[in-house]
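Below: one structure, written as structure tokens.
Every read-out reported here was derived from the displayed coordinates using simple, explicitly stated rules and does not represent laboratory data. Note that the coordinates shown come from a computational prediction; the quantities given were computed from them, not determined experimentally. Neighbour counts run over all protein chains shown; Cβ positions are idealised from the backbone, glycine included.
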Amino acid sequence: MIQIIKKYCNSLTSYSRYKTREVFIGNLPLGGSNPIRIQSMTTTDTMNTLATVEQTIRMINAGCDYVRITAPSLKEAQNLQNIKNELRKRGYNTPLIADIHFTPNAAELAARIVEKVRINPGNYIDKKKFQTIEYTDAEYAEEIDRIRERFTPLVKICKEYGTAMRIGTNHGSLSDRIMSRYGDTPLGMVESALEFLRICEENNYHNIVLSMKASNPLVMVRAYRLLIQKMEEENMNYPLHLGVTEAGDGDDGRIKSAVGIGTLLEDGIGDTIRVSLTEEPEYEAPVAIALANRYTNRCNHKEIIPIDNSPINPFVYSRRETFEVAGIGGATVPKVLIDLSKNLVEVPAALKSVGYNYEQVTDKWYLNDRACDLIYLGQNELPFGAPNSLKMIYDYNKWLGLSDRTKGFPLLTLSDFITKPTLSFTLNFVQINISDLINEIFSEIKNNPAVVFILTTNNNHGMAEQRRAFIEMILREIKNPVIIKREYSDIDENHFRLYSSTDVGALLIDGLGDGVWLNSLDKSGKQMEPGFINRTSFGILQAARTRISKTEYIACPSCGRTLFDLVEVTNKIRKRTEHLKGVKIAIMGCIVNGPGEMADADYGYVGSGPGKITLYRGKEIVKRSIKSDFALDELINLIREDGKWVEIPQF
């Protein structure tokens with residue numbers, strides 16, 4: 001019996017924007033039929049008017065529609081007026097947003113100055129002490145009354161001044177009250193926002209935007225989906241601000257952001273985007289723009305067979321059930337397949353970029369944690385002995401001509417598999433697309449214990465088409481492992497990284513896919529560098545939490561509250577710890593993004609004062625106010641104490 005899941009978007013197969021109400025941020029509306037708006041946040045000291053203005057202008061020139069500025073206390077909120085005046089004097093009318101966490105009086109002042117205020121319901125009124133509290137229904141109702149009393153003045157000011165508000169829940173800063181009743185869950189995130197939203201509605205105030213941010217894209221995506229469902233139940237349709245918080249920097253930050261934000265955009269969800277990178281804020285807007293622009297003409301895609309009742313629960317992770325074929329599928333981690341069919345591989349050193357280092361003196365191969373699992377050679381053949389752990393795939397006719405067919409495996413079409421008399425006894429790769437699933441001959445191959453499918457698409461709405469193919473397999477109880485294949489052409493590395501992270505990541509976080517095969521060709525037919533594709537593939541698997549192959553950094557994107565240079569410190573920590581596979585380290589510039597935002601980390605490195613660092617193990621403080629000069633060594637000592645430290649491998 002197929003589980004009927006309530007919808008969180010207009011359609012799983014036909015692209016269209018989820019329609020939300022229009023909200024005005026100054027004179028620039030979002031939601032409704034407006035384009036997806038881009039925003040970012042300053043990293044300067046808000047009291048430094050000139051520096052903040054200059055940075056804001058750089059952000060506007062980079063493509064920001066809105067600019068957010070932190071106001072941690074009353075004095076910063078007051079200085080927003082000077083910042084706004086200087087920007088207007090220079091001819092910049094971009095709406096400004098005040099970012100508020102713990103200070104209602106600062107929010108109430110800022111709401112009289114700027115076009116929008118952001119409040120975090122986990123910090124705005126509640127205190128977080130990581131205590132579990134047993135509430136009766138009556139006691140919980142009293143807590144809501146307390147919130148109503150403290151929060152209503154801000155609502156009335158916003159209503160009077162025409163100021164918009166974002167109620168922005170962060171996964172890591174849920175209050176003790178919410179945690180005690182709903183747990184550390186997407187539902188807790190949603191309810192945290194809805195409690196404040198209902199107070200706004202009681203006051204007939206609707207100029208509201210909502211967000212459900214988390215550093216874990218799986219949590220983030222499920223929270224937004226659940227929020228939409230809950231809003232539908234209460235006849236609400238407020239616009240949504242998308243973001244993966246503390247995404248980090250470089251490739252990892254972009255991949256993680258694309259997995260979370262892109263997954264929602266694929267289903268038409270999202271009205272404004274902020275990509276949070278531990279870099280200068282003007283670098284964030286181009287990434288957000290690249291993600292948003294992909295959907296400008298998406299509605300013109302090739303039709304996909306509709307689905308009304310999906311067997312995939314969008315609110316709870318569950319991996320598609322498959323049987324294992326030669327180490328692929330079943331309970332094994334998803335595999336990475338690298339295409340070398342157009343790269344002439346003549347010497348062992350050519351495999352170094354995909355994780356295999358050959359030591360000539362000992363005649364041994366050394367694998368790093370991001371060594372690909374399979375390579376496709378097409379019509380080529382390696383002129384040297386390959387590592388035993390590496391599976392090689394050939395075109396069928398090439399495989400048939402091998403002197404030793406046990407040294408590789410064939411890639412076939414559906415019709416080839418049915419008609420060819422000679423096949424591998426252990427592993428055959430059969431390339432299919434969605435139309436093959438309705439081919440009569442497909443019934444002759446499904447659930448064959450020696451078959452792994454390579455699922456392809458040429459649809460402009462490819463993720464949805466491949467998802468529909470997976471749904472069909474689940475409905476028909478087809479349990480062969482499936483490798484997701486996506487090919488791109490005529491795009492640069494930046495767009496390849498974002499597009500592939502979206503297309504593959506969106507499937508992986510719904511439990512779909514037993515492997516990844518990415519490829520990209522330029523206009524001349526030349527393949528993108530295999531090492532870059534390999535790193536991207538492993539990065540996507542890590543962001544989707546389906547295969548952990550390296551250290552993960554949960555680094556906040558910096559703001560005016562930050563107590564040290566986040567970019568510099570993150571790079572120092574990365575240099576010393578990036579070989580610690582599976583360890584998650586949070587690097588937070590201040591206590592606002594401290595223990596709460598580190599909900600998903602093993603260790604935390606948090607600014608606690610000028611030149612002072614506090615170290616955490618999970619959510620627990622281990623060492624307070626260490627001098628910053630010694631903090632990294634102390635962090636490493638803490639990791640050593642827990643038995644998680646390993647020396648850097650030498651090859």
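May I ask which residue of Ile97, Phe417, Leu174 lies farthest towards the positive end of the charge dipole of the chain, with charges of +1 (Lys, Arg) and -1 (Asp, Glu) on Cβ and the Cα centre as origin?
Selected residue: Ile97.
Sort Val347, Val333, Val482 so the one with the fewest other Cβ atoms within 10 Å of its own Cβ comes first.
Fewest to most other Cβ atoms nearby, the residues stand as Val347, Val333, Val482.
Where the centroid of each part is defined by its Cα atoms, how far is the range 286-311 from the range 511-528 in Å?
19 Å
For a footprinting-style exposure proxy, rank Cys158, Cys299, Cys9 by other Cβ within 10 Å, fewest first.
Going from sparsest to densest Cβ surroundings: Cys299, Cys9, Cys158.
What lysines could a cross-link reach from Lys584, if we take a straight Cα to Cα line under 19 Å and drop same-chain neighbours fewer than 8 places away?
Lys213, Lys256, Lys550, Lys572, Lys575, Lys619, Lys623, Lys644
Which of Ser628, Ser501 has the fewest other C-beta atoms within 10 Å, and how do the rest follow up to the most?
In increasing order of surrounding Cβ atoms, one gets Ser628, Ser501.
Divide by every residue of the chain the summed helix terms, -39500 (n - 2.57) for each DSSP H run of at least 4, and state the resulting mean residue ellipticity at 222 nm, rounded to the nearest 500 deg cm²/dmol.
Calculated mean residue ellipticity at 222 nm is -10000 deg cm²/dmol.
5 Å is the cut-off here: which amide hydrogens, built 1.01 Å from N in the peptide plane, fall below it relative to Val451, excluding neighbours closer than 5 in sequence?
Under 5 Å from the amide H of Val451 lie the amide H atoms of Asn428, each far enough along the sequence or on another chain.
Leaving out same-chain residues fewer than 8 places away, which lysines sit with a Cα under 17 Å from that of Lys75?
Cα-Cα hits under 17 Å: Lys84.
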